[in-house]
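The values are calculated or read from the model by the stated rules, or taken from the named source; none is laboratory data. Predicted model only: the values in this text are computed from it and were never measured. All Cβ positions, glycine included, derive from the backbone under ideal geometry; neighbour counts span all protein chains shown. Just so you know, the surface numbers come from the protein's heavy atoms only, side chains and all, with ligands and any DNA or RNA stripped out. Shrake-Rupley method; radii C 1.70, N 1.55, O 1.52, S 1.80 Å.
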Amino acid sequence: MTVTQKTADPTINEARLHQLAQAHGVGTKFTGWDGLPYDVDPETLVKVLAALGVPAGTGEQVEASLTDAELGPWRRMLPPAVVVKDGSTNNDGEASDGGETLVPVHVPQGAEVRVRIVTEDGLVLPPEQRTIPTKPQMVDGVLTDRIMFAIPSGLPLGWHTLIAETGDGTDGVRAEAVLVVTPARLTTADPLEQRPGWGLATQLYSSRSTRSWGIGDFEDLADLAAISGARGADYVLVNPLHAAEPAPPVQPSPYSPSTRRFFNPLYLRIEAVPELAYLAADRRARIDALAAESRRLNEQADRLDRDTVYAAKLEALELLYQAKRSPARQRAFEKFCAEAGQGLEDFALWCALREDLPANDPIWHDPAAAPGTAAMDGKRRELAGRIDFHRWLQWLCDEQLESAQRAAKLAGMRLGVVHDLAVGADLSSADAWMLRDALAPGVSVGAPPDMYNQLGQDWSQPPWHPRRLAEAGYAPFRDMLRTVLRHAGGVRVDHILGLFRLWWVPAGNGPARGAYVQYDHEALIGILALEAQRAGAVVIGEDLGTFEPWVRDYLAERGILGTSILWFENDGDAPLPPEKYRVQCLASVNTHDLPPTAGFLSGDHVVLRESLGLLERPVAEERAEHDASLASFLELARSRGLLPADGQAGEEEQIEALHRLLAQSPSALLGVALVDAVGERRVQNQPGTTAEVYPNWQVPLADSAGKAVLLDELEGNARFNRLLAAVEESMAK
């Protein structure tokens, strides 16, 4: 199906525009959720190309940009980055017929070039030149040769440097490129394929204890790991813990953070900060009063109050920051800051600025106010105290996350804490300000229309710019992964398809008028595998939704687990038998975008969507389809002897049966939602709604009667213990 729309300039030849788009990885067509092909309109292609820095607004610009696309690689002495698999030819260079990994080096015709590799350990290796006939190109008036060099086999995994030089060092030319050697296959999940494991999944902010300040925190995470680990669990999967705004009001969605690299101080346990013991009596009394007031919120079961809690915690943290640290702790703080480097400095500066400036202040988009400018150097001096405060908050987060992971491992968990990595950060975020050179301007990430969102989606998050990210040596991507994996046994990558392609929505367009932009998935998945391998962490890709079939196969080949949700796994019109599930995946009954299983069994989501006006067809049809699908899954459980043959089974018995059914799969990991273990019915997030109509990401953990459930009660909670015992027993068979 073709969407006919004129370009802004009639001189543009559409075929040449498509050729230019394809040269830069911009899709000119896409397959809709209905299975039909759709063309991207020319105006959208022009806007997406502009975001990539490719002029295409006139026919003349298209022709000039096509020439630039052809000559671009020849204008570089070395590629911007080279990412290779260990023992593989699949890379950012080229592969010869002999299977070698080759890298092109461009120099003026006749010039002698020297190439060497410096490994991250300082070892110097000379790659061998290969004689491969290549026709010279005239590049900006200079006849240019392409000389191919072979990357030596057996290079260690890691981040190395490729250096090329001409001349004698005084009048020559020198170029450097990052050379990343990644594992052909991530092996951290291999033990789970031999002996599958299970764990709890929870929204940490909703999982409170009597010691919480109205919001679940890092110490609650440690306690939940200890409680479930004692019952055989191997991990606790939590929502993204990325930082939000530095002061209230804060964005409730953990999937719309201010940065994906650093953590949210909202989750700090105040009493776990050692300096509390040395505060003056009046300051300690004030913190005790704040704690008492905040803990009263723990019993509220209708809605969480992040802003009130964060304001109280920040007041307490301001008092704690003033306490003198011991020499040992001061050295530890300084070491943390040195290791986190410029990224932490820039984030802390953003926090200090953002305390006084709104999200829509022009400063965030002013090139003269970017990190590293003279204006910001002045702000660093002016705000030095506030910058240090925000660096200190990140150090505390790091300490408490380390403690939580240690508690998980001591409880016997094989993985421990598994983090969640959001797709991106807000357009007005710290990442958008700090990483502007590696992000694409004028566009945001979203999704094309589907059966649930027929207008498409715009997530208001700037995407990575593929070329600029490579020119940055993929350092922003690496640094983000290293921080998330620093104290983790695994990471779930939300919408992992985004490492292959993303739907870009130009500013001013509706979300349906976007285009897919391709990414170098070999590089991004390879770096993800490298950093996970070094951290000893498993990677779980959220590979639900519309994707090309080969993507799942590729992820499996690289050792990355997929995601299977019971209700979405079908074999034609029937549920997929559990023994046909993938081995390399995390299987669970539900997800945070669906109601807990108790609510799903009753069709609560149908009632909710009808009340919010989200249904696209009569409620009777929606209910009938839900009931039929649900009946087929329960019948499958019944056929396996997991439910009574007469169909007489209560809600709790059905939930246990569905988990026992999943435990019959060969999947490496089984997920048990904490909400299912306590009887909660309310969905955490209702897609297609705002906070004004539904409290997305603000629902506290409660039981089937709507009473708040605190972690202190779990060990004596009969329903919790029965479900975990059922899962452990089934997994042991």
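Can you say whether PRO618 is out of contact with any Pro (no Cβ under 9 Å at 6 or more places or on another chain), within 30 Å of ALA705 (Cα to Cα) and open to solvent by 60 Å² or more (accessible area, probe 1.4 Å), as far as the supplied structure shows? Yes, satisfied.
May I ask you to list the residues in the range 310-341 that are small (Gly, Ala, Ser) and closer than 12 Å to ILE287 by Cβ? Residues satisfying the conditions are ALA312, ALA316, ALA323.
Take TRP459 and tell me if it is among the aromatic types (Phe, Trp, Tyr), open to solvent by 20 Å² or more (accessible area, probe 1.4 Å), under 26 Å from THR161 (Cα atoms) and within 16 Å of the chain's Cα centre (by Cα).
Judged against the criteria, TRP459 is not a match.
Taking the conditions (1) outside any loop (DSSP other than H, G, I, E, B); (2) in contact with a strand residue (DSSP E or B) (Cβ under 6 Å, 6 or more places away or on another chain); (3) without any contact (Cβ under 8 Å) to a residue 60 or more places away in the chain in turn, VAL178 satisfies each one other than (3). Return yes when LEU530 is crowded, with 18+ Cβ neighbours inside 10 Å and free of Cβ contacts under 8 Å to residues at least 60 places away in the same chain and no when it is not. No. Looking at GLY508, GLY498, GLY473, which one is surrounded by fewer than 23 Cβ atoms within 10 Å (Cβ to Cβ), in a loop (DSSP other than H, G, I, E, B) and touching a Phe, Trp or Tyr at 6+ places or on another chain (Cβ under 9 Å)? Only one candidate passes the filter, namely GLY473.
Scanning the range 516-540 for residues that are of a type outside the set (A, V, I, L, M, F, W, C) and under 24 Å from VAL236 (Cα atoms) gives GLU531, GLN533, ARG534, GLY536. Within the range 488-545, the set of residues being over 30 Å from ALA404 (Cα atoms) and among the acidic types (Asp, Glu) comprises ASP520, GLU522.
Please specify each residue of the range 265-304 satisfying the condition of being closer than 22 Å to LYS324 by Cβ, of a type in the set (D, E, K, R) and not in a helix (DSSP H, G or I). Answer for the range 265-304, where residues must be closer than 22 Å to LYS324 by Cβ, of a type in the set (D, E, K, R) and not in a helix (DSSP H, G or I): just ARG269.
Answer yes or no as to whether VAL309 is within 30 Å of GLY706 (Cα to Cα), open to solvent by less than 80 Å² (accessible area, probe 1.4 Å) and of a type in the set (A, V, I, L, M, F, W, C). When the stated conditions are applied, VAL309 passes them.
Taking the criterion of being under 28 Å from the mean Cα position of the chain (by Cα) and open to solvent by 50 Å² or more (accessible area, probe 1.4 Å), the residues of the range 366-393 that qualify are ASP366, PRO367, GLY372.
The set of residues in the range 43-62 that are within 14 Å of ALA15 (Cα to Cα) and within 31 Å of the chain's Cα centre (by Cα) comprises GLU43, LEU45, VAL46.
Determine whether the range 625-647 contains at least one residue that is hydrophobic (A, V, I, L, M, F, W, C) and more than 30 Å from ALA718 (Cα to Cα). Spell out the reasoning first.
Narrowing the range 625-647 to residues hydrophobic (A, V, I, L, M, F, W, C): 628, 630-631, 633-634, 636-637, 642-643, 645.
Still in the list and also more than 30 Å from ALA718 (Cα to Cα): 628.
Yes, there is a match, as at least one residue in the range 625-647 is hydrophobic (A, V, I, L, M, F, W, C) and more than 30 Å from ALA718 (Cα to Cα).
For VAL173, which of the numbered conditions (1) at pLDDT below 95; (2) within 17 Å of ALA81 (Cα to Cα); (3) of a type outside the set (Asp, Glu) fails to hold? VAL173 satisfies every listed condition except (2).
THR89 meets each of the listed conditions (1) in contact with a Gly (Cβ under 6 Å, 6 or more places away or on another chain); (2) β-branched (Val, Ile, Thr); (3) at pLDDT 95 or above apart from (3). ALA50 - would you say it is open to solvent by 30 Å² or more (accessible area, probe 1.4 Å), under 28 Å from PHE547 (Cβ atoms) and without any contact (Cβ under 8 Å) to a residue 60 or more places away in the chain? Criteria not met by ALA50.
Checked against (1) closer than 19 Å to GLN203 by Cα; (2) in contact with a helix residue (DSSP H, G or I) (Cβ under 7 Å, 6 or more places away or on another chain); (3) acidic (Asp, Glu), ASP593 meets all criteria but (2).
Being aromatic (Phe, Trp, Tyr), in contact with a Pro (Cβ under 8 Å, 6 or more places away or on another chain), on the phi < 0 side of the Ramachandran plot and outside any loop (DSSP other than H, G, I, E, B), is that true of even one residue in the range 321-330? Talk me through it step by step, then tell me what you get.
So the first thing to find is which residues in the range 321-330 are aromatic (Phe, Trp, Tyr), and the list is 321.
Of the ones still in play, those that are also in contact with a Pro (Cβ under 8 Å, 6 or more places away or on another chain) are none.
For the range 321-330, residues aromatic (Phe, Trp, Tyr), in contact with a Pro (Cβ under 8 Å, 6 or more places away or on another chain), on the phi < 0 side of the Ramachandran plot and outside any loop (DSSP other than H, G, I, E, B): absent.
Selection over the range 245-266 of residues that are of a type outside the set (D, E, K, R) and within 22 Å of THR591 (Cβ to Cβ) gives a count of 8.
Conditions (1) assigned to a strand (DSSP E or B); (2) over 26 Å from ALA23 (Cβ atoms); (3) open to solvent by 20 Å² or more (accessible area, probe 1.4 Å), marked per residue:
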| residue | (1), (2), (3) |
| --- | --- |
| TRP395 | no, yes, no |
| LEU401 | no, yes, no |
| GLN405 | no, yes, yes |
| LYS409 | no, yes, yes |
| VAL417 | yes, yes, no |
| SER428 | no, yes, yes |
| ARG468 | no, no, yes |
| PHE477 | no, no, no |
| ARG482 | no, yes, yes |
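Looking only at the range 684-710, which residues are hydrophobic (A, V, I, L, M, F, W, C) and open to solvent by less than 10 Å² (accessible area, probe 1.4 Å)? Within the range 684-710, VAL699, LEU701, ALA702, ALA708, VAL709, LEU710 qualify. Only one of the numbered conditions (1) surrounded by fewer than 21 Cβ atoms within 10 Å (Cβ to Cβ); (2) assigned to a helix (DSSP H, G or I); (3) touching a residue at least 40 places away in the same chain (Cβ under 8 Å) is violated by PHE547, and that is (2).
For the structure I just gave you, tell me whether ARG467 is more than 23 Å from PHE336 (Cα to Cα) and in contact (Cβ under 8 Å) with a residue 60 or more places away in the chain. Walk me through it before giving the result.
On the way: more than 23 Å from PHE336 (Cα to Cα): yes; in contact (Cβ under 8 Å) with a residue 60 or more places away in the chain: yes.
Yes.
Taking the condition at pLDDT 95 or above, among the small types (Gly, Ala, Ser) and open to solvent by 30 Å² or more (accessible area, probe 1.4 Å), does ALA222 pass? Judged against the criteria, ALA222 is not a match.
So in the range 666-683, with the set limited to residues that are open to solvent by 20 Å² or more (accessible area, probe 1.4 Å) and assigned to a loop (DSSP other than H, G, I, E, B), which one is nearest to LEU192 (Cα to Cα)? Let's see the steps before the verdict.
Keep residues of the range 666-683 that are open to solvent by 20 Å² or more (accessible area, probe 1.4 Å), which gives 666, 675, 681-682.
Checking the rest, the ones that are also assigned to a loop (DSSP other than H, G, I, E, B) come to 666, 681-682.
On the way: PRO666: 10, ARG681: 31, ARG682: 32 Å.
Step by step, filter the range 666-683, then rank; the result is PRO666.
Quick check: is even one residue across the range 199-206 in contact with a Ser or Thr (Cβ under 6 Å, 6 or more places away or on another chain) and buried (at least 23 other Cβ atoms within 10 Å of the Cβ)? Yes; the residues of the range 199-206 include at least one that is in contact with a Ser or Thr (Cβ under 6 Å, 6 or more places away or on another chain) and buried (at least 23 other Cβ atoms within 10 Å of the Cβ).
Identify the residue in the range 113-166 that is among the hydroxyl-bearing types (Ser, Thr, Tyr), assigned to a strand (DSSP E or B) and open to solvent by less than 40 Å² (accessible area, probe 1.4 Å) and, among all such residues, is nearest to ASP68 (Cα to Cα).
Filtering the range 113-166 for residues among the hydroxyl-bearing types (Ser, Thr, Tyr) gives 119, 131, 134, 144, 153, 161, 166.
Right, trim to assigned to a strand (DSSP E or B) and you get 144, 161, 166.
From what's left, open to solvent by less than 40 Å² (accessible area, probe 1.4 Å): 144, 166.
Values: THR144: 15, THR166: 24 Å.
The selected residue is THR144.
Scanning the range 24-41 for residues that are touching a helix residue (DSSP H, G or I) at 6+ places or on another chain (Cβ under 6 Å) and either of a type outside the set (Ser, Thr, Tyr) or part of a helix (DSSP H, G or I) (or both) yields a single hit, VAL26. Is it true that ARG231 is farther than 30 Å from ALA732 by Cα and part of a loop (DSSP other than H, G, I, E, B)? Considered against the rule, which asks whether it is farther than 30 Å from ALA732 by Cα and part of a loop (DSSP other than H, G, I, E, B), ARG231 comes out as no.
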